[in-house]
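Taking it in order: structure first as structure tokens, then the write-up.
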Amino acid sequence: MSNAAVARRDRTEPIVPIQETNAPLTSDRILVVDDEPNICRLLQRYLGRLGYEVQTAGSVPEALEHLGQSRYDLVLTDLRLPGPSGLELLVEVRSRAPGTRTILMSAHADVYAAAAAIERGVDQLIVKPFELEDLRERVGDSLAKRRADRAAEEEREKLETKLRQRDTESKVWILRAAHALAAAVEAKDEYTAGHATRVTGYAMTIGEVVGGIDPVRFRLAGDLHDVGKIGVPDNVLNKPGKLTDEEFSLIKKHPETGAHILQPLIDDPLVLGVVRWHHERWDGRGYPDGLAGTDIPLPARVLAVADTLDAMTSNRAYRRGLPWPEVVAEIRRCAGAQFDPAVVEAFESVLARLEAQYAEFARGFPSPATLVA
């Protein structure tokens, strides 16, 4: 065996001098695991002269302690160690530090060791005694793969960041367009100016008590719930008298129309569900799909109460808004028929807050019942 060869486990020969190398310094970090101190010192000196940062451990527990404290690019471990084996260490490395490269050293070139090492994803199996030059090539090859993996991961992260930024920018423009549509709907009917804002405010208050509803998405749903009215003719929306059956059928299409308009723009089940189903009834007699009970999504059930609250307290082309006590009594009466009883219960628990909102809205918008018919 040459002087550059690593000794077998039972050898006690002195460590041979290591030749200087012109290899450039790198940031690669190597953990050497061997219970023979001489081998650890030899490999630490040799690999350190090659420009690597090297730490050593004499057992699996000690190696795991190092892995828990620092990042390593390569683990170079002996197969036979006191306590858990090198193969068991490889399993932990794959679990705790995915992507870390591994080389297994063994004085026993048996089929079992090779098969077990491959099964655990080891990069390379090197048999003791080995030439240091052979180890240098194997270490260099494993670390080159590690650097390539890191570079690919960095590029993937950069790409994902760019895609997220573009997605965010696209969503901003989409939301602006959707809100512009909602504003266009309210501009079609002077009596419903501010309706979406008021309904959203009421719905958010009730929703806080009900719970289980994402407030950010629910606010967006409230703002856009009537966007489908963009497809209803102005003469129907603003008709001062009673609607004919044909005209009412046009009104009843607005939830479905709104969902169809928004679906290509906003891929969000909560928002689309509120837009489509806020006119469904607890007893199944609503529209457009005749859903009943808990088949109606909870956010749509909450917004149905808020929508009715604003509709009844606001002036319309064909009538003045109703007094607050009368509207509250009607919502109570419709619990279990038009509305989810649990949502009406939540509504009643925040009546004082809702009435304060109503008073605030009355000062800020021309729609509630403060206007002259």
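Cα-Cα pairs above 23 Å in the range 137-254: how many percent? That fraction is 57 percent. Using bins of 10 Å that start at zero, the share of Cα-Cα pairs per bin across the range 226-373 amounts to 11, 35, 40, 14, 0, in whole %. Among 197, 284, 165, which residue has its Cα furthest toward the positive end of the charge dipole of the range 163-289, with +1 on Lys/Arg Cβ and -1 on Asp/Glu Cβ? Result: 165, furthest along the dipole toward the positive end.
Taken about its Cα centre, the chain carries a charge dipole of about 620 debye when Lys and Arg each add +1 at the Cβ and Asp and Glu each add -1 at the Cβ.
Mind checking the per residue accessible area of the chain for me, 1.4 Å probe, whole number of Å²? For the chain, the solvent-accessible area averages 51 Å² per residue. Normalising the average separation of contacting C-alpha pairs (under 8 angstrom, six or more residues apart) by the number of residues puts the relative contact order of the chain at 11 percent. If you count Lys pairs in the chain whose Cα atoms are under 27 Å apart, skipping same-chain pairs closer than 8 places in sequence, the total is 21.
In a DSSP loop and with at most 16 other Cβ atoms within 10 Å, the trypsin sites (Lys or Arg not before Pro) in the range 259-290 are 285. Just the Cα atoms of the chain, one point each, no solvent: what log10 I(q)/I(0) does Debye give at q = 0.10 Å⁻¹? Results for the chain at q = 0.10 Å⁻¹ read -0.67. Here is how the number arises for the chain: DSSP H runs of 4 or more residues each give -39500 (n - 2.57), the sum is divided by the residue count, and the result at 222 nm is -17500 deg cm²/dmol. For residue 199, neighbours were defined as the other residues whose beta-carbon sits under 10 Å from its Cβ, and their charges (Lys and Arg +1, Asp and Glu -1) total -3.
Computed over the range 24-86, the P(r) curve from all C-alpha pair distances, binned at 10 Å from the origin, holds 24, 55, 20, 1 percent per bin.
The amide H of residue 75, built 1.01 Å from its N in the peptide plane, has 31, 101, 102, 103 as neighbours under 5 Å, considering only residues 5 or more places off or on other chains. On the chain, 53 percent of the accessible area sits on carbon and sulfur atoms, based on a 1.4 Å probe. For residue 340, neighbours were defined as the other residues whose beta-carbon sits under 15 Å from its Cβ, and their charges (Lys and Arg +1, Asp and Glu -1) total -1. Projecting the Cα atoms of 237, 270, 331 onto the dipole axis of the chain, where Lys and Arg carry +1 and Asp and Glu carry -1 at the beta carbon, places 237 farthest toward the positive end. For residue 293, the shell of other residues with beta-carbons less than 14 Å away shows a net charge of -2, using +1 for Lys and Arg and -1 for Asp and Glu.
Working from Cα pairs under 8 Å separated by at least six residues, relative contact order for the range 222-373 is 20 percent. Computed from point charges on the beta carbon alone (+1 for Lys and Arg, -1 for Asp and Glu), the dipole magnitude for the range 288-345 about its Cα centre is near 300 Debye.
The values are calculated or read from the model by the stated rules, or taken from the named source; none is laboratory data. This one's a predicted model, so the numbers in the text were calculated from it and none came from an experiment. A quick note on method: Cβ atoms are made from the backbone with ideal geometry, for glycine too, and the neighbour counts reach across all protein chains shown. Just the protein is used for accessible areas: all its heavy atoms, side chains included, with ligands, DNA and RNA removed. Shrake-Rupley method; radii C 1.70, N 1.55, O 1.52, S 1.80 Å.
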